[in-house]
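See below for the structure under consideration.
The values are calculated or read from the model by the stated rules, or taken from the named source; none is laboratory data. Not measured: the values here are computed from a predicted model. As a convention, Cβ positions derive from the backbone with ideal geometry for all residues, glycine included, and neighbour counts pool all protein chains shown.
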Amino acid sequence: MSSPTKKLLFFLLSPFFFLVSPHSALAQIPFPNIPHPPGFKYADYLVGSVVGEILRYVFGFAGLAAFLFIVYAGFQFLISKGDPKQIEEAKNKLTQAIIGFLIVFASYWIVQIIEVILGVKIVSV
């Protein structure tokens, strides 16, 4: 076989060998005698609950960052003194900040729509 054929065959068969290996089944063995760390709030939570708690802060931080970038771009626009190059940079930064804010806004509402459709609570407010 030629080298590209060997590479393609290896690429296609690698996931199969990983899935049938005994190491993938070891993830299902419970560890009943491992104590939780003292004071760890999320010890009895599922992974989805922890991710939901983290997302609440991620959305807040991303919204705050987008707002600060919009203010920074506006300030840069004000101090540009009519220089076309600085005005163009400020417009680009303002455009990027608004796009970032729209992405954060849309992602929050997509998560809300998924919560309604699936009937699960992802982000607790």
- Item | Among (1) more than 28 Å from GLU115 (Cβ to Cβ); (2) part of a helix (DSSP H, G or I); (3) modelled with pLDDT under 80 - the single one GLY52 does not satisfy | (1)
- Please state which of the following conditions LYS93 fails to meet, knowing it meets all the rest: (1) at pLDDT 65 or above; (2) farther than 30 Å from ILE114 by Cα; (3) loosely packed, with under 12 Cβ neighbours inside 10 Å; (4) of a type outside the set (Gly, Ala, Ser). (3)
- Message: On the basis of being in a helix (DSSP H, G or I), surrounded by 11 or more Cβ atoms within 10 Å (Cβ to Cβ) and not charged (D, E, K, R), does ILE103 make the cut?
- Response: yes
- First in the range 106-117 and part of a helix (DSSP H, G or I), second anywhere and loosely packed, with under 12 Cβ neighbours inside 10 Å and of a type in the set (Gly, Ala, Ser), Cβ under 7 Å, 6 or more apart: none
- For PHE59, are the conditions met, namely being over 27 Å from PHE105 (Cβ atoms), modelled with pLDDT under 85 and aromatic (Phe, Trp, Tyr)? no
- Look at LEU102 and say whether it is among the hydrophobic types (A, V, I, L, M, F, W, C), over 16 Å from the mean Cα position of the chain (by Cα) and within 18 Å of ALA65 (Cβ to Cβ). no
- Answer yes if at least one residue in the range 20-31 is surrounded by 10 or more Cβ atoms within 10 Å (Cβ to Cβ) and either part of a loop (DSSP other than H, G, I, E, B) or at pLDDT 85 or above (or both), and no otherwise. yes
